[in-house]
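Presented below is the structure to which this report refers.
The values are calculated or read from the model by the stated rules, or taken from the named source; none is laboratory data. Bear in mind that the values here come from a model prediction, so they are computed numbers and not experimental data. Virtual Cβ from ideal backbone geometry, glycine too; neighbours counted across all protein chains shown.
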Ligand SMILES: NC(=O)c1ccc[n+]([C@@H]2O[C@H](COP(=O)([O-])OP(=O)(O)OC[C@H]3O[C@@H](n4cnc5c(N)ncnc54)[C@H](OP(=O)(O)O)[C@@H]3O)[C@@H](O)[C@H]2O)c1
């Protein structure tokens, strides 16, 4: 029997990575994530939100852009679970680890765009790069947990790395959602301007939403000890740290009374 998502991956993704089996593909894709992570430090800063620049293409309506660009990281793993051969997925650890990843991307694709207050369309190139990145991640994390990695469930469930990692993931998610909600509440009605955010971790850093996402992804990496999760945590850390430094400088320039004791992203450090 042919499993459609896997047949598609074998026909289109294997050749791109010159891979002949899942192991080779996963290893090369993890290196790909790491190379991309370091490249984001030298590529032009992502031109969306307050840095929107339409020389990077026409504007895609913001809610639609966030939904379409993020959803492949949710839909591809779910398709692999539903229609794939599931050689590894029956284990509870596989289910919990992939569950963390798809839960994050369900929120980001279908809830975040619904409640966000941004009205700035996303330049097409930014949207398209995010779409490709999320498709890539959906394939990599989906294949790894659905077909590839066989955990020893009993041992893994009671290992400190698993439950500390899982707790970190939940804690990071709480910070990320709370900070995104604080930012959303800075605007009322059709307001589009920017204010100084206050309260909670905003008293210490300019971008707690990014800090929360980084904690979340390192929690996922620790709980799974999976190379794709670790590579994704490195990507998230580098990409969001750079953007947080950019936001921090932007706040300092825009608001004379911006609190000078705030760091950009890591409390007391950076
Ligand atoms: N894993 C990853 O690699 C990755 C990459 C990017 C984003 N994300 C996540 O996606 C979420 C959104 O990211 P983002 O880069 O769009 O975050 P952001 O720049 O902090 O903006 C978040 C939202 O809040 C608004 N906002 C920000 N600062 C504001 C202020 N001072 N006053 C009023 N409104 C303000 C923004 O409006 P405007 O759009 O009008 O600026 C936007 O709607 C975050 O949770 C982030 O962690 C993850």
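Tabulated data
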| item | result |
| --- | --- |
| Meets criteria (touching a strand residue (DSSP E or B) at 6+ places or on another chain (Cβ under 9 Å) and more than 9 Å from the ligand (Cβ to nearest atom)) for residue 175 | no |
| Residue among 269, 252, 225 that alone is more than 16 Å from residue 37 (Cβ to Cβ), modelled with pLDDT under 95 and surrounded by fewer than 19 Cβ atoms within 10 Å (Cβ to Cβ) | 269 |
| Among (1) within 14 Å of the ligand (Cβ to nearest atom); (2) touching a strand residue (DSSP E or B) at 6+ places or on another chain (Cβ under 7 Å), the one test that residue 131 misses | (2) |
| Members of region 32-54 found to be out of contact with any helix residue (DSSP H, G or I) (no Cβ under 8 Å at 6 or more places or on another chain) and either crowded, with 18+ Cβ neighbours inside 10 Å or without any contact (Cβ under 8 Å) to a residue 12 or more places away in the chain (or both), listed by number | 35, 39, 42, 43, 44 |
| Number of positions in region 181-212 that are in a helix (DSSP H, G or I), within 8 Å of the ligand (Cβ to nearest atom) and buried (at least 20 other Cβ atoms within 10 Å of the Cβ) | 3 |
| Check on residue 125, more than 25 Å from residue 219 (Cα to Cα) and touching a helix residue (DSSP H, G or I) at 6+ places or on another chain (Cβ under 6 Å) | yes |
| Selected residue (only one of 239, 169 is in a helix (DSSP H, G or I), surrounded by 17 or more Cβ atoms within 10 Å (Cβ to Cβ), near the ligand (Cβ under 9 Å from one of its atoms) and within 15 Å of the chain's Cα centre (by Cα)) | 239 |
| Condition check for residue 78: surrounded by fewer than 21 Cβ atoms within 10 Å (Cβ to Cβ), without any contact (Cβ under 8 Å) to a residue 24 or more places away in the chain and more than 16 Å from the ligand (Cβ to nearest atom) | no |
| Within region 242-257, tally of residues that are without any contact (Cβ under 8 Å) to a residue 24 or more places away in the chain and assigned to a helix (DSSP H, G or I) | 3 |
